[in-house]
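**Student:** Have a look at this one.
Each reported figure results from applying straightforward, stated rules to the coordinates on display, with no laboratory input. Here the structure is a predicted model, which is why all the values come from computation and not from measurement. As a convention, Cβ positions derive from the backbone with ideal geometry for all residues, glycine included, and neighbour counts pool all protein chains shown.
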Amino acid sequence: MDPAPHPALKQRPRKFSRHQAPSRASSRQSTILTTMERWLKEIEGAQTKQSRMQHALAVREFAQTQSSSVGVRRVDRHTAGEFVSNVLLRSGASQNTVNRKIASLSSMWQWLIKRGFVSDNPWQGQGSFKNRLNLEPAKRAYAADELTKLLSADPVSIMGQRYGTVLFDLMRVGLMTGCRIKELCQLRTVNVIVKERSFRILSGKTGNARRIVPIHKPAWPIMQRRLVSSSDGWVFSVLTPANPDGNRS
């Protein structure tokens, strides 16, 4: 006579739902910080070091408000909104800084959607605050008396010889060319076209940044002096890169 089957063998096989919560092991692999590391690795060639560093700071700031074991699937719109209201908006940071952090988190969640970790982006629409207490007045042009005061000042007496002399020339060349400070600080002597009294901008903030810029007559003596005195191939020498992307400004 055959023995009776073990009770466990009588149970029906478990059926797993498509939407069943992930296992504990998969949850550990999809926490906020672990998925952030994978995301930052994938965008390494597409975004600057500075941008990736800002992304990481924003995500880590959010992760500190959550349990270390919480998976990204658990982050819903309410959780995101609480972080924005109770942490970012109460931090005293500017509107631009708050929006930049939200944008970093939103960018990561867009990637999480693409890779199948989550199905929606709880950070979308969490930013803006255009009327936030009107603490940030609109930018305006300098008035004539303000420009006169700036150009009459001696940066060397405030910043020292090394950077003061550079700033003195940068202010004047910037005023005469309309170039961004980053564009001028990245300008190499080989990109100055002496015969045409102009210089080439090879890259910049937008796609239209690549251009040839004429140098106004009052600013040309500054460029001549800078070309002669350059010791390192840069028009504005002695500047030390101070961020991950080596921006000399």
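**Student:** For the stretch 144-229, state the average projected area of the convex hull of the C-alpha atoms over all orientations, rounded to one decimal in nm².
**Tutor:** Over all viewing directions, the stretch 144-229 projects a mean Cα-hull area of 6.3 nm².
**Student:** Can you list residues whose amide H is under 5 Å from ILE193's amide H, if they're 5+ apart or on another chain and H is modeled 1.01 Å from N?
**Tutor:** SER198, PHE199, ARG200
**Student:** I would also like to ask the following. Step through the table entries LYS149/LYS217; LYS182/LYS217; LYS149/LYS195, compare each Cα-Cα distance with 24 Å, and write down the pairs that go over it.
**Tutor:** Result: LYS149/LYS195 exceed 24 Å.
**Student:** Rg to Rh ratio, the stretch 149-198, alpha-carbon atoms and Kirkwood radius?
**Tutor:** 1.02
**Student:** Once R0 is set to 35 Å, what does the formula 1/(1 + (r/R0)^6) return for the Cβ-Cβ distance between THR48 and ASP145, expressed as a FRET efficiency to the nearest 0.05?
**Tutor:** According to the calculation, E is roughly 0.40.
**Student:** Moving on to the next point. Using a Debye calculation, one point per C-alpha and no hydration shell, please list log10 I(q)/I(0) for the stretch 24-114 at q = 0.25 Å⁻¹ in order.
**Tutor:** -1.43
**Student:** Around ARG188, which amide H atoms from residues at least 5 apart in sequence, or from another chain, sit under 5 Å from its own amide H, with H modelled in the peptide plane?
**Tutor:** Sorted by chain and number, the residues that satisfy this are VAL235.
**Student:** R0 = 51 Å: FRET efficiency of LYS114 with GLN224, Cβ-based, nearest 0.05?
**Tutor:** Approximately 0.45, to the nearest 0.05.
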